[in-house]
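Please read the structure below before turning to the comments.
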Amino acid sequence: MSKKYVITDIHGCANTFRHLVEEKLDLNKEDKLYLLGDYINKGPRSKEVLDYIMYLRESKFQVYTLRGNHDQLLLDALDQKAEVDFLLRGGQITLKSFGVENVADVPEKYVDFIRGLDYYLLLEKWILVHAGFDFHKMDPFSDKEAMLNLRGMDIDDAVTKGRKIIHGHAPTPVEEIKMHLKDPERKEFTVDAGCVYDHRPGMYHMVALELESWTLFSQQNIE
């Protein structure tokens, strides 16, 4: 039976990501892999993360990719000359992974990949997004800023139609994530276990949530 996995906030941790996908999940081509953004910055192997995602797609794995705020930072650095913000928030190590000194020198195929990332995805029982939705807006699904950066949601069931919201952007200890998943009344769930945060208790992991079985898989950072 095919599985539906969600992973988020990979942040340049290519070795950890690949081990989680290949060893813990044993991903096959009937499965669906949903990635909620923040592929780059902070960790050492941003280029390798993007290469691996592209490899999976080229190999006919079913991979769906959303946009995170750190992915947007790279585009803003290119389009709005906001390179300082990009560099201050982990972009320097991203450029190093590409072997370049300036964001303008990141190869076009990677920039095109990031430009093509969606902001959210509606599934039958879940809504996937990097950060969240501002349900105070007339159309929460058009507020790109919130979808990339929001923390905390006042969920409107009339808008979600009872779907659970799965997101990243909010680093949370693994045990706390597990506790949230057991709460039958909870409507939103983070699957960001802070893979790059070795100094935060309970983090320094990357997790994958299998949606149908509601099973959490965890991999400690191995970068």
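Exactly one residue out of ILE166, ILE155, ILE222 is more than 17 Å from LEU36 (Cβ to Cβ), touching a residue at least 40 places away in the same chain (Cβ under 8 Å) and either surrounded by fewer than 15 Cβ atoms within 10 Å (Cβ to Cβ) or of a type outside the set (S, T, N, Q) (or both), and it is ILE222.
The set of residues in region 1-20 that are of a type in the set (S, T, N, Q), over 19 Å from PHE189 (Cβ atoms) and not in a helix (DSSP H, G or I) contains only SER2.
Can you tell me how many residues within region 120-139 are surrounded by 15 or more Cβ atoms within 10 Å (Cβ to Cβ) and touching a Gly at 6+ places or on another chain (Cβ under 9 Å)? Looking only at that region, the number is 4.
GLU176 meets the stated requirement of being charged (D, E, K, R) and either surrounded by 15 or more Cβ atoms within 10 Å (Cβ to Cβ) or not in a loop (DSSP other than H, G, I, E, B) (or both). Of GLU30, GLU23, all but one fail to be assigned to a helix (DSSP H, G or I) and either among the basic types (Lys, Arg) or over 12 Å from the mean Cα position of the chain (by Cα) (or both); the exception is GLU23.
For every residue, the table says whether it meets (1) closer than 26 Å to VAL174 by Cα; (2) of a type in the set (Gly, Ala, Ser); (3) touching a helix residue (DSSP H, G or I) at 6+ places or on another chain (Cβ under 9 Å); (4) surrounded by 23 or more Cβ atoms within 10 Å (Cβ to Cβ).
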| position | (1), (2), (3), (4) |
| --- | --- |
| LEU27 | yes, no, yes, no |
| SER46 | yes, yes, yes, yes |
| ASP51 | no, no, yes, no |
| GLU83 | no, no, yes, no |
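Looking at region 61-75, can you tell me whether even one residue there is at positive phi, assigned to a helix (DSSP H, G or I) and touching a residue at least 24 places away in the same chain (Cβ under 8 Å)? No, region 61-75 has no match at all. A residue that is surrounded by fewer than 23 Cβ atoms within 10 Å (Cβ to Cβ), among the polar types (S, T, N, Q) and assigned to a helix (DSSP H, G or I) can be found somewhere in region 91-99. Give region 36-58 a look and list any residue that's in a loop (DSSP other than H, G, I, E, B), farther than 15 Å from PRO107 by Cβ and hydrophobic (A, V, I, L, M, F, W, C), or say none. LEU36, the sole residue that qualifies.
Rule-based calculations on the coordinates, nothing more; no lab input. All figures in this text were calculated on a predicted structure; none of them were measured in a lab. Glycine gets a Cβ as well: all are built from the backbone with ideal geometry, and neighbour counts include every protein chain shown.
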